[in-house]
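Working notes, structure below.
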Amino acid sequence: MREMVTDGVDGIVVPPRNVDALALAMVHVHENQELRDELRSAGLMHAVDFAPQRTAKAWLDLHRELLAASKA
């Protein structure tokens with residue numbers, strides 16, 4: 001998830017399997033409209049980085065680069 005979410009910028013990161021931390025984070029976001037708006041806006045801007053077409057192109061470019069390097 002750290003590749004997809006920057007804690008406090010476009011989401012809230014909590015430790016794995018820590019339901020107490022998750023509950024606290026959810027309550028914090030629920031009670032703070034300004035934070036919700038900031039996280040939502042940043043998240044929407046960041047989401048385009050993970051669009052299927054962009055991800056597919058990145059993988060294709062990587063495969064082409066690796067193939068070219070293996071022939072060199």
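Every number here is computed from the coordinates shown, using simple stated rules; none is lab data. Predicted model only: the values in this text are computed from it and were never measured. As a convention, Cβ positions derive from the backbone with ideal geometry for all residues, glycine included, and neighbour counts pool all protein chains shown.
What is the magnitude of the charge dipole of the chain about its Cα centre, with +1 placed on the Cβ of each Lys and Arg, -1 on the Cβ of each Asp and Glu, and no other charges, expressed in debye to the nearest 20?
Roughly 500 debye for the chain.
Positive end of the dipole of the chain, charges at C-beta (+1 Lys, Arg; -1 Asp, Glu), about the Cα centre: which of V19, P52, T6 has its Cα farthest in that direction?
The listed residue farthest towards the positive side: P52.
Expressed in whole Å with the largest first, what are the equivalent ellipsoid semi-axes of the range 1-49 derived from the C-alpha gyration tensor as the square root of 5 times each eigenvalue?
Ellipsoid half-lengths, sorted descending, are 19, 15, 6 Å.
Collect residues whose amide H, placed 1.01 Å from N in the peptide plane, falls under 5 Å from the amide H of G11; neighbours closer than 5 in sequence don't count.
T6
Just to confirm a number: summing +1 for Lys and Arg and -1 for Asp and Glu over residues other than D37 whose beta-carbon lies under 15 angstrom from that of D37, what do you get?
Overall, the nearby charge balance is -2.
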